[in-house]
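J.: Sharing a structure, written as structure tokens. Questions coming.
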Amino acid sequence: MKVFFIHTLNAGTAWYRINGYAEHMSQIDGVEVRMNTYDPTNQIGAWWEPQLVNLPMLDQFLYQFETWGPDIVVMQKFMSPEGFAFHETCKEFWPVLTEVDDDFINVPCWNPAFSPQANAHYMAAMQLESTHALICSTPYLLDLFSKMYDKRGHVIPNGIDVEYWDNLPNPAKHSGINIGWVGAASHREDLKILVDVIPEVNKRYSDIQWLFMSGGGIPDEIVEHPNVRFIREWWPANEYARAVKLKGFDIGLAPLLDHPFNKAKSNLRWLEYSAMGIPTVASEIGHFNETIRHTETGFVCSNTEEWIEHISQLVERECSRKDIGKAAKEDISKNWNLKDISKRYADILSQEVKAK
């Protein structure tokens, strides 16, 4: 089976949703994989930014298709007329599956991806309506879009390469407890969940430091605390894991506001923290709530009091940090392993080829 993957979004999204699966699938007997050129340092390509694709590039894709002859094409959503036209051309010759990892219909106004211009949304919606089948990162997304566009589809969750994370350098030893968060600028409003949490936890403990890593800003109400360190950096996708691990988090945070857009979000932050063997404290919403076993492989919180309680428990009890971190790592190694999910993904694509 020959599979051609096309990424159209930024390097970080493509790293998890396209590149990782393409790389592991290429190691499966009987599967050949190609994809458009992937640059892990690329910061453009998200649909609120300049398009990654253009007409000459699309012509180049079609030439590769004609000369190589894929059996199936998997592409992320396009947000331009040219991209949609390319999707329609591919559909005439090959089964095409569209990969979706966000609810682009319900983007909140505070998110950088929010746009008053409806054309980008319209193009993506047209693609989902026209595509042969869907690949979604969460059950919520699949249920949403399969019903909305009357499409069959499959859940391919984000996977994690635990061996890759294990082989990265370990952080230097440090005193006290590092409570950390890492994420994109789009989570600025989500971080406000912690505005009343941080001062209360600070009253209880003097040996803690809060670390926030992001290429964008974080709320002023958080930065103003003397034991908060804001690390404003952007990392190429292939350097991101190393940068995060070296910061030496002892506890990982994953706050999400209760909003339809966030209900579609995956458990990726829990996967990353768990790969480092540290416990996660997350919002009780969507995929976090579905996949984290509360008190066993992490904590989920529905209000300020619960955030304070669970963070405090982990600060006070080193054994809890170690036990939950270990259990979470064992869970993702068994159930969220990128290599194993890639095999299931290949089986699904094979079924789609036969169905066509």
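J.: Counting only Cα atoms, I'd like the Rg/Rh figure for region 64-219, Kirkwood definition for Rh.
T.: A ratio of 1.10.
J.: Towards the positive end of the charge dipole of region 77-194, with charges on Cβ (+1 Lys, Arg; -1 Asp, Glu), say which of Leu141, His187, Phe78 has the farthest Cα.
T.: His187
J.: Explain nothing, just the number: dipole magnitude of region 162-335 about its Cα centre with +1 on each Lys and Arg Cβ and -1 on each Asp and Glu Cβ, in debye rounded to the nearest 20.
T.: Around 480 debye, computed over region 162-335.
J.: Same structure again: Rank by packing, highest mean first: peptides 90-97, 19-26, with packing defined as the count of other Cβ atoms within 10 Å averaged across residues.
T.: Ranked from most to least packed, the peptides come out as 19-26, 90-97.
J.: Got a sec? How would Leu9, Leu128 order by Cβ neighbour count within 10 Å, fewest to most?
T.: Leu128, Leu9
J.: Beyond 19 Å between alpha-carbons counts as too far, so tell me which of Lys247/Lys322; Lys173/Lys322; Lys77/Lys343; Lys192/Lys329 fall in that bin.
T.: Lys77/Lys343; Lys192/Lys329
J.: Sticking with this structure for a sec: Listed highest first by mean packing, meaning other Cβ atoms within 10 Å per residue, what order do 243-256, 263-276, 314-327 come in?
T.: Top of the packing list down: 263-276, 243-256, 314-327.
J.: How big is region 101-167 by the Kirkwood estimate over distinct Cα pairs, in Å?
T.: One over the average 1/r among Cα pairs gives 13.6 Å for region 101-167.
J.: Scaled to the compact-protein estimate 2.2 N^0.38 Å, what is the alpha-carbon radius of gyration of region 162-335, rounded to two decimal places?
T.: 0.95
J.: I would also like to ask the following. Hey, what do the phi angles of region 340-352 turn into as Karplus ³J(HN,Hα) couplings, whole Hz, using 6.51/-1.76/1.60 and θ = phi - 60°, x for Gly and Pro?
T.: 5, 5, 4, 5, 5, 4, 4, 4, 4, 5, 4, 5, 5
J.: By count of other Cβ within 10 Å, fewest leading, how are His87, His174 ordered?
T.: Lowest count first: His174, His87.
J.: As an exercise, find the ratio Rg/Rh for region 308-356 from alpha-carbon atoms, using the Kirkwood inverse-distance average for Rh.
T.: Rounded to two decimals, Rg/Rh equals 1.38.
J.: Quick check: residue separation of Asn335 and Asp161 times 0.36 nm, minus the Cα distance between them. What number comes out in nm?
T.: Between Asn335 and Asp161, full extension yields 61.5 nm more.
J.: Here is a further query. For Glu99, what residues show an amide H to amide H distance below 5 Å, using hydrogens built from the backbone and excluding near sequence neighbours?
T.: Met75, Gln76, Lys77, Ile135
J.: Next question, about the same structure. Using only the Cα atoms of the chain, each taken as one equal point scatterer with no solvent, compute I(q) by the Debye sum, divide by I(0), and report log10 of the ratio at q = 0.07, 0.13 Å⁻¹.
T.: -0.31, -1.02
J.: Using alpha-carbon positions, what is the distance between the centroids of region 271-307 and region 206-250, in Å?
T.: Measuring centre to centre over Cα atoms gives 19 Å.
J.: Once the Cα gyration tensor of region 268-346 is found, what semi-axes does its equivalent ellipsoid get, as square roots of 5 times the eigenvalues, in whole Å, sorted largest first?
T.: Value: 24, 15, 8 Å, ordered largest first.
J.: So, with +1 on the Cβ of K and R and -1 on the Cβ of D and E, and no other charges, what is the size of the charge dipole of the chain about its Cα centre, to the nearest 20 debye?
T.: Rounded to the nearest 20 debye, it is 440 debye.
Every number in this text was worked out from the coordinates using simple rules, so none of it is lab data. In this text the structure is predicted, and so the values were computed from the model without any measurement. Here the Cβ is made from the backbone with ideal geometry for all residues, glycine too, and neighbour counts use every protein chain on show.
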